[in-house]
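Scroll down for the structure; my scribbles are underneath it.
We did not get these values from a lab; they are worked out from the coordinates using the rules stated. Quick caveat, the model's predicted, so the values are computed rather than measured. Note that we place each Cβ from the backbone using ideal geometry, even for glycine, and neighbour counts take in every protein chain shown.
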Amino acid sequence: MAIREDVIVIGGGLAGSVAAIEAAETGASVRLVTYKKSTLRHASGLIDVLGYADGDDPVVDPFAELDDLPADHPYAIAGEAAVRDGLARFDEITGETYQGSHTDTNALIPTFSGAVKPTARYPAAAAAGIASDDRPMLVVGFEEMTEYNGEMLAAHLEAAGVPFDVEGVECNFPGEYVNDSRVTRFAKRLDIDETVDYEGRSMGAREALAAEVEPHVGDAERVGFPAFLGDDHAEAVRTDLERHLGVDVFEIPMGPPSYPGMRLEDTLKDAVDEAGVRISAGNPVVGFEADGGEIQSVTVDSKGREVPYHADEYVLATGGLVGKGIDSSREDGVEEPIFDCHIPHPEDRYEWFDEEAFGDQPFAHFGVVVDETMRPLDATDAPEFDNLRAAGAVVGGADTVAEKSQSGVSLATAVVAGEQAGKQAAKHEVSQ
């Protein structure tokens with residue numbers, strides 16, 4: 001059976017999901033084609049627009065810095081309106097589960113390394129930990145988690161000059177656990193409020209956790225936990241802990257598995273479904289057919305059977321080097337593996353790197369070059385294909401990790417790519 005849509009979006013992360021929703025808003029029929037799990041489950045769940053520009057100090061107002069960015073930066077190409085539209089779409093999708101929409105100013109959010117990260121949007125679960133709040137803080141770590149230490153985190157926050165008193169403590173998580181996937185098991189136990197044995201008494205896991213932490217609260221008016229306070233019922237977990245402890249409770253973003261990232265992934269999936277977008281998951285795009293400068297179809301590997309997916313417009317949102325939307329090798333250099341889009345890069349591999357570990361790394365800028373409608377450009381600055389757009393980390397021109405702009409670039413490029421794809425698909429139907 002032939003598969004036909006107005007728009008096909010390839011890639012199901014933040015950029016792909018938002019592009020699909022944006023295209024659907026134009027009235028287009030949209031299909032989202034995904035293969036592997038998105039990198040959101042490894043991400044903090046924080047939505048950065050621009051955390052650092054020139055210098056070591058965090059950016060206060062990202063929008064005040066946009067005009068000074070290089071001409072090839074994705075923000076300079078998409079424009080400030082696209083950045084704001086991307087955030088507005090994100091706010092609409094996430095509703096009350098995220099905060100920060102009341103201001104253009106970045107918030108400073110503590111992370112599990114003890115740093116404070118400038119970010120534009122942050123989960124409501126992290127809001128009580130904002131660094132501009134001067135209330136005294138207790139940071140809780142657990143003996144069972146070697147990758148996260150409450151006392152060290154508190155010391156790092158103090159060294160960063162936060163305007164509040166902060167103490168750290170290492171506790172034991174109530175109950176017995178096997179060595180594998182402790183973070184996941186902690187979250188699940190809190191999510192279902194499983195009965196545990198704590199100091200000779202049977203009680204819910206949430207009450208037991210509060211009982212373990214309560215003797216250390218002291219003068220603290222807010223308590224920070226690693227970000228695993230439940231999954232499906234995270235708000236209820238946090239509310240119960242606040243009731244038992246008598247102080248505000250917040251989550252501190254940590255490394256994978258990232259529950260804030262997984263919660264955001266679930267929220268995006270629900271929003272994509274509500275927008276009427278069809279989803280084809282688990283099968284990779286392995287090729288395409290084109291004619292006269294336009295893509296006619298993409299080829300999807302469905303359990304060893306090659307199936308053509310036809311559309312009027314396509315959006316490439318497969319990620320960057322980490323997400324494998326960009327490949328590199330000694331033989332072939334740097335390439336975009338589906339459509340073979342042009343990616344500018346030096347032939348000499350030694351020029352891909354800066355000798356300084358924290359220098360401006362050329363490889364971090366690798367990606368497709370796009371025009372103002374997000375069409376990838378070839379080596380002569382002509383569109384690779386008239387009906388192909390790109391969004392997210394596959395778009396080059398900025399070190400989004402260093403400048404803390406990954407999510408903002410994904411949102412800005414996605415709203416442009418999705419809207420343009422939807423509108424152009426509609427024009428195509430009219431011309432037919």
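Quick notes
- A Cβ-based charge dipole, computed about the Cα centre of the chain with Lys and Arg at +1 and Asp and Glu at -1, lands at about 1460 debye.
- Within the chain, antiparallel bridges make up roughly 45 percent of the DSSP beta bridges whose residues both belong there.
- The 3J(HN,Hα) values that the Karplus relation (6.51, -1.76, 1.60; θ = phi - 60°) gives for region 247-252 are, in residue order, 9, 5, 10, 9, 9, 10 Hz. Gly and Pro appear as x.
- Around the amide H of VAL300, modelled in the peptide plane, lie the amide H atoms of VAL286, VAL307, TYR309, all under 5 Å away and 5 or more residues distant in sequence or on another chain.
- Scanning residues 5 or more positions from GLY168 or on other chains, those with amide H under 5 Å from its amide H are VAL139, with H placed 1.01 Å from N in the peptide plane.
- Computed 3J(HN,Hα) for region 365-380, one whole-Hz value per residue from the Karplus formula 6.51 cos²θ - 1.76 cosθ + 1.60 where θ = phi - 60°, is 8, 5, x, 6, 8, 10, 8, 5, 9, 6, 7, x, 10, 8, 5, 9, glycine and proline marked x.
- Antiparallel bridges, percent of DSSP beta bridges restricted to region 112-252 (to nearest 5): 20 percent
- If only the Cβ of Lys and Arg carry +1 and only the Cβ of Asp and Glu carry -1, the dipole of region 238-292 around its Cα centre is close to 160 debye.
- Between ALA160 and ALA81, the FRET efficiency estimated from the beta carbon spacing at R0 = 60 angstrom works out to 0.95.
- Candidates SER202, PRO337, VAL18 compared by Cα position along the dipole of the chain: farthest toward the positive end lies SER202, with charges placed on Cβ.
- For region 402-415, Karplus couplings with θ = phi - 60° (6.51, -1.76, 1.60), whole Hz, Gly/Pro x: 5, 8, 6, 9, 4, 5, x, 5, 4, 5, 5, 5, 5, 5
- Among MET152, ASN106, MET254 the positive-end extreme of the charge dipole of the chain (Cβ point charges): MET254
- Options (i) 32, 29, 25; (ii) 41, 24, 20; (iii) 91, 27, 19 - which one matches semi-axes √(5λ) of the Cα gyration tensor in Å as calculated here: (ii)
- Taken about its Cα centre, region 112-252 carries a charge dipole of about 400 debye when Lys and Arg each add +1 at the Cβ and Asp and Glu each add -1 at the Cβ.
- Amide H to amide H, with H built 1.01 Å from N, CYS341 comes under 5 Å of GLU336, counting only residues 5 or more places away or on other chains.
- In nm, spacing of pseudo-spin labels at VAL60 and ASP219 (7 Å Cα→C-beta vector): 2.9 nm
- Summarising the overall dimensions of region 112-252 from its C-alpha atoms, the Rg and Dmax are 14.4, 45 angstrom.
- When each of LYS37/LYS423; LYS37/LYS427; LYS269/LYS324; LYS117/LYS188 is checked by Cα-Cα distance, pairs over 24 Å: LYS37/LYS423; LYS37/LYS427; LYS117/LYS188
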